[in-house]
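Step one of this worksheet: look at the structure below.
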Protein chains: 2
Amino acid sequence: MKCKRCATKATVQLRSHNTAFCKDCFIFFFQRNVERSIERERMFTRDERILVAVSGGKDSLALWDTLVALGHQTEGLYLGLGIGEYSSASQRAVEVYASAHDLKLTVVRLEEEEDGLGIPEAAFFTRRQPCAACGTFKRHHFDRAAHAGGFAVLATGHNLDDEAARLLGNVLHWQLPYLAKQHPVLQPTHEKFVRKVRPLYRTSEYESATYAFLRGIRYVVEECPNSHGATQLVYKEMLNRLEEKMPGAKLGFVTDFLRHAHPLFAATPDGPPLDCERCGMPAFGELCGYCRLVAEIIRRRTRAVAHS
Amino acid sequence: MKCKRCATKATVQLRSHNTAFCKDCFIFFFQRNVERSIERERMFTRDERILVAVSGGKDSLALWDTLVALGHQTEGLYLGLGIGEYSSASQRAVEVYASAHDLKLTVVRLEEEEDGLGIPEAAFFTRRQPCAACGTFKRHHFDRAAHAGGFAVLATGHNLDDEAARLLGNVLHWQLPYLAKQHPVLQPTHEKFVRKVRPLYRTSEYESATYAFLRGIRYVVEECPNSHGATQLVYKEMLNRLEEKMPGAKLGFVTDFLRHAHPLFAATPDGPPLDCERCGMPAFGELCGYCRLVAEIIRRRTRAVAHS
């Protein structure tokens, strides 16, 4: 098979796009696709400072690499979740990438924050799925770091497979408020929030893994040991079977949703009207969702210690 | 396992409802479920005459049997599609059922209608998928027979699996006009149309097959040799895998759609404003969709004969 762009021998085949590329042309194709997503959805301009949330996995490092290649002003943010060897390996991967490319990186480690709570502890004491607590922690620390650093935009590495699985889950349960918020660009609803964007929403997991590999990025291959929850994996498996039979189906599912259906679901969301009494970030009540969760964990931990 | 209703030995297990029944209690459960669907969606009353479209398969015969048991005024309509031995066997099954229960049945055979066109011929000459032509033919003859017979309602045997697969297909492509029309009750948009209802929309394929078996109904087990199109089967397979992991998921998908999302898609559809010049049924142009299709078939067949 030949590269569709330069006619040399192709090394990457993309069934969903019915095409194939050599190494250099695939890298060009990937970066141009991301650039088009950014422009089409008006995610940000070259004048804006972007905080890239990097986990050490293929997607977020491929995203950071692409944004740098496209000439954007970026800094990295790594959030240490306190999940044993998985977290240590992830932090090393991010630090190696940042220093090799001379990029600014901020590291926030949950264990070293004022509450000293890692994800395993939070999940244990609240008897929640680790992924649910993790989402709340990530949102809080990402928001806070983006606001504190004066960034215009927070970018995350969610890829097409993530977006399609999330959309399928929201549709199978017809979660209207979640469908309203499913968009690659979320405008801030409070002055302490920044714009949140997902520039990889049209590129597949396979494409970002291939990109990271071909660019020589050393990323953490292991998935989080808490996994992404059995449910999300069921949806991904369903969509993988669909994609096998109908290449391009995932991309159509997500882009047709954004074009045709999202406007029906989207109402202008009300932003949080208050400031959290504990952390100062936006809140719907006296405390923000994160501080309510932290308070619950501390209460339960104290009780557990008292009973032990 | 014991019957959840009478505590004798259970013979039917329903994972999607997390329950099990003996033979008699399952039959009661099935009929009551259909009755609740009819009442909840205000499909029809006992004062209205119902035309039941019966194909000879498990679903439509289970539907007819249930409507009779619930005391509704029904007549059957069998449409012979001219698909060889499959159609002959189907007609026999319907006739055997009707005569055993002393029910009135009308048989319309496409080969004997003025156009003399069976489905295989129609598909061949138009180079369409047989299922696409079949849908147009069925809708036309069902509409015409319901109108001619002065029925208030036309009932078809679409089950939960059919509805869920159709919904998934419409959602994967975000077909907004089809999503607007996806409802177990369609009110007539023209005086020559009647109300169309799907009383089995909340009962699964497995349930109607079990019901037909336990009631001793001899139905045609074979699927139509033209199959229901590979696409529909892909969606059914995806949903079967989901249901395996999350029993009840199909039912939730369809009923949550109707409750929460359908109102967002549903606009009042405009009915066809004209009468077809050829058959007199409602039409958007000079001819209705059916007569346009028939004209195309005849034109192509004439040309083929002239060239042979």
Next item on the list: Calculate how large, on average over all directions, the projected area of the Cα convex hull of the protein assembly as shown is; give the answer in nm² to one decimal.
Entry: 36.4 nm²
Next item on the list: Express the Stokes-Einstein translational diffusion coefficient of segment A:17-122 in µm² s⁻¹, to the nearest whole number, given a Kirkwood radius over alpha-carbon pairs, 25 °C and a viscosity of 0.890 mPa s.
Entry: 159 µm²/s
Check: A:THR231: accessible area at probe 1.4 Å, nearest 10 Å²?
Finding: 70 Å²
Checklist line | Inter-chain shielding of A:171-181 (mean C-beta neighbours from other protein chains, 10 Å cut-off) | finding: 5
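With charges set only on the Cβ (+1 for Lys and Arg, -1 for Asp and Glu), what does the dipole of the protein assembly as shown come to about its Cα centre, in debye to the nearest 20?
So the dipole magnitude of the protein assembly as shown works out to roughly 440 debye.
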Next item on the list: Would you calculate the separation in nanometres between label points at B:VAL68 and B:GLU85, each defined as 7 Å from the Cα along the Cα-to-beta-carbon direction?
Entry: 2.8 nm
Margin query: From the mean inverse distance of alpha carbon pairs (Kirkwood) and the Cα radius of gyration, derive Rg over Rh for segment A:229-308.
Written below: 1.24
Item checked: Accessible heavy-atom area order of A:GLU205, A:GLU277, highest first, probe of 1.4 Å -> A:GLU277, A:GLU205
Notebook entry, point to check: Dividing the Cα convex hull volume of segment A:145-303 by residue count, how many Å³ per residue is that?
Noted result: 175 Å³
Next item on the list: Give the interface area between chains A and B as buried accessible surface, both sides summed, probe 1.4 Å, in Å² to the nearest 100.
Entry: 2300 Å²
Next item on the list: Starting from the Cα of A:LYS104, draw a straight line to each of the lysines and keep only those under 21 Å, dropping any in the same chain fewer than 8 residues away.
Entry: A:LYS58, A:LYS138, A:LYS196
Margin query: Along the charge dipole of segment A:172-230, pointing to its positive end and built from +1/-1 on Cβ of Lys, Arg, Asp and Glu, which listed residue (A:GLN187, A:GLN175, A:ASN226) has its Cα farthest out?
Written below: A:GLN187
Notebook entry, point to check: What number in nm² do you get for segment A:116-156 if you take the convex hull of its Cα atoms and divide its surface by four?
Noted result: 3.3 nm²
Check: Considering the Cα trace of segment B:31-84, what is its radius of gyration and what is Dmax, both in angstroms?
Finding: 12.3, 40
Next item on the list: Throw me the Rg/Rh for segment A:132-175, computed over C-alpha atoms with Kirkwood Rh, two decimals.
Entry: 1.10
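Averaged across the residues of B:85-94, what count of C-beta atoms belonging to other chains lies within 10 Å of each residue's C-beta?
Numbers: counts 0, 0, 0, 0, 0, 0, 0, 0, 0, 0.
Mean number of neighbouring Cβ atoms from other chains: 0.
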Next item on the list: With everything on Cα atoms, drop me the angle between helix A:205-214 and the longest principal axis of chain A, reported from 0 to 90° to the nearest 10.
Entry: 70 degrees
Check: Among B:ARG127, B:ARG198, A:ARG5, what's the order by accessible area (1.4 angstrom probe), most exposed first?
Finding: B:ARG127, A:ARG5, B:ARG198
Check: Roughly how many percent of the accessible protein surface of segment B:122-167 is carbon and sulfur, given a 1.4 Å probe and a whole-percent answer?
Finding: 54 percent
Checklist line | Shortest-first distances to equivalent copies, position A:GLU237, nm, label 7 Å out along Cβ | finding: 1.5
Margin query: Just to verify a number: what accessible area does A:TYR206 come out at with the full protein assembly present, 1.4 Å probe, Å² rounded to tens?
Written below: 120 Å²
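Quick one: what do you get for segment B:185-268 if you divide its Cα Rg by 2.2 N^0.38 Å?
Normalised Rg, Cα atoms only: 1.38.
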Next item on the list: Take every Cα pair under 8 Å in chain A that's 6+ residues apart, average their separations, divide by the length, and report that relative contact order as a whole percent.
Entry: 20 percent
Note to self: How high is the relative contact order of segment B:78-181? Use alpha-carbon pairs under 8 Å, at least six apart in sequence, and give a whole percent.
What the structure shows: 20 percent
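Add +1 for every Lys or Arg and -1 for every Asp or Glu among the other residues with Cβ under 14 Å from the Cβ of A:VAL220, and state the total.
-2
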Notebook entry, point to check: If one computes P(r) from the Cα atoms of segment A:196-235, what percent of pairs lie at distances over 17 Å?
Noted result: 52 percent
Checklist line | log₁₀ of I(q)/I(0) at q = 0.15, 0.16 Å⁻¹ - segment B:52-202, Debye sum with one point per alpha carbon | finding: -0.87, -1.00
Margin query: For a quick check of understanding: with a 1.4 angstrom probe and all protein chains in place, what accessible area in square angstrom does B:THR126 have, to the nearest ten?
Written below: 10 Å²
Next item on the list: Calculate the mean, over all residues of peptide B:161-169, of how many other protein chain Cβ atoms lie within 10 angstrom of the residue's Cβ.
Entry: 1
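Let me check something: with ligands and nucleic acids excluded, how do A:GLU35, B:GLU95 order by accessible area (1.4 Å probe), largest to smallest?
B:GLU95, A:GLU35
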Notebook entry, point to check: Convex hull over the alpha-carbon atoms of chain A: what's its volume per residue in Å³?
Noted result: 144 Å³
Margin query: Can you compute the charge dipole magnitude of segment A:1-132 about its Cα centre, using +1 on each Lys and Arg Cβ and -1 on each Asp and Glu Cβ, nothing else charged? Give it in debye, rounded to the nearest 20.
Written below: 1180 debye
Next item on the list: At a temperature of 37 °C and a viscosity of 0.692 mPa s, determine how fast segment B:116-189 diffuses translationally according to Stokes-Einstein, using the Kirkwood radius over alpha-carbon pairs as Rh; express D in µm²/s, rounded to the nearest whole number.
Entry: 227 µm²/s
Notebook entry, point to check: Got a sec? Charge dipole of the protein assembly as shown, +1 on Cβ for Lys and Arg, -1 for Asp and Glu; which of B:GLY252, A:VAL34, A:ALA10 is way out at the positive end?
Noted result: A:ALA10
Item checked: segment B:81-125 - Kirkwood radius from inverse mean 1/r over Cα pairs (Å) -> 11.6 Å
Notebook entry, point to check: Using Cα pairs under 8 angstrom and six or more residues apart, how large is the relative contact order of segment B:162-253, in percent?
Noted result: 34 percent
Check: Among the lysines, which fall within straight-line cross-link reach of A:LYS9, defined as a Cα-Cα distance under 21 Å, with same-chain neighbours fewer than 8 residues apart omitted?
Finding: A:LYS23
Check: Could you name the lysines in cross-link range of A:LYS245, using Cα to Cα under 17 Å and dropping any fewer than eight places away on the same chain?
Finding: A:LYS236, B:LYS236
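The values are calculated or read from the model by the stated rules, or taken from the named source; none is laboratory data. As the structure is a prediction and not an experimental result, all values here were calculated from the model. No Cβ is skipped: glycine too gets one built from the backbone with ideal geometry, and neighbour counts run over all protein chains shown. Accessible surface areas use protein heavy atoms only, side chains included; no ligands, DNA or RNA. Shrake-Rupley method; radii C 1.70, N 1.55, O 1.52, S 1.80 Å.
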